[in-house]
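Quick notes on the structure that follows.
The values are calculated or read from the model by the stated rules, or taken from the named source; none is laboratory data. What you see is a predicted model; the values in this text were computed from it and never measured. Note that each Cβ is placed from the backbone with ideal geometry, even for glycine, and that neighbours are counted across all protein chains shown.
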Amino acid sequence: MKRRFALLAAMSLLTACGLSAQTAAKADPWAGLRFLLGSWEAKTTGGTAQAQVSAAYAFRLELRDHVLARQSSGGACKGPEDFDCRHSDLLYIYAAGKGQTLQAIYFDNEGHAIHYDVSTPKPGTVVFLSDPAQPGPQFRLSYELVDGVMVGKFQLRKPGQTEFMSYLEWSGKRQ
């Protein structure tokens, strides 16, 4: 009887330790986004905005690692008259609740606010997608790390269109 009790106690302890290890492994909500961390250069490579921009942005964990924040800073810019060369923006990524999916909210100096659902379709890639049910265009922002170069796209799909169009595309290395 004592032997059976000792065996059950040992099995319970091993199970608890295993569950604890699994919980610790699942505890990092930023695992799929850690490739973004740091400061990056950004040089435009295309898009319908037809702007030539050289700027920078940084992703940092904030508020005791509860929020991943991206802030852009301007640089050299040449674009059409309707392109804001003094553009600045903030992007905050957060868990919608304990164990919930990641979401993001974007703000810029032009008064835009965009809510995004966040997905990581493959390692080194993140996609921010706005709700298509909201009025106006649907937005998609993506980052992909390719051979040490971060490639970004800001795209939109107007109501009635099936394909996204790139408004701005950029790439750059970690600073």
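Being closer than 18 Å to V151 by Cβ, among the small types (G, A, S), free of Cβ contacts under 8 Å to residues at least 60 places away in the same chain and in a strand (DSSP E or B): is that true of A58 here? Yes: the conditions hold for A58.
Hey, can you tell me all the residues within region 59-74 that are of a type outside the set (V, I, T) and more than 16 Å from D108 (Cβ to Cβ)? Walk me through how you get there before you give the answer.
Going residue by residue through region 59-74, those that are of a type outside the set (V, I, T) are 59-66, 68-74.
Result: F59, R60, L61, E62, L63, R64, D65, H66, L68.
Candidates are the residues of region 74-85 that are surrounded by 13 or more Cβ atoms within 10 Å (Cβ to Cβ) and in a strand (DSSP E or B); the one that is farthest from the chain's Cα centre (by Cα) is C77. Residues in region 113-134 that are over 16 Å from L68 (Cβ atoms) and among the hydroxyl-bearing types (S, T, Y): 1 in all.
In region 158-175, the residues that are in a loop (DSSP other than H, G, I, E, B) reach residues that are surrounded by 11 or more Cβ atoms within 10 Å (Cβ to Cβ) and of a type in the set (F, W, Y) with C-beta atoms within less than 8 angstrom, at least six apart or across chains, in these pairs: Q175/W40. E110 meets all of the listed conditions (1) part of a strand (DSSP E or B); (2) over 22 Å from L37 (Cβ atoms); (3) in contact (Cβ under 8 Å) with a residue 24 or more places away in the chain but one, namely (1). For A96, the criteria (1) among the aliphatic types (A, V, I, L, M); (2) surrounded by 15 or more Cβ atoms within 10 Å (Cβ to Cβ); (3) modelled with pLDDT under 95 hold in every case but one, which is (2).
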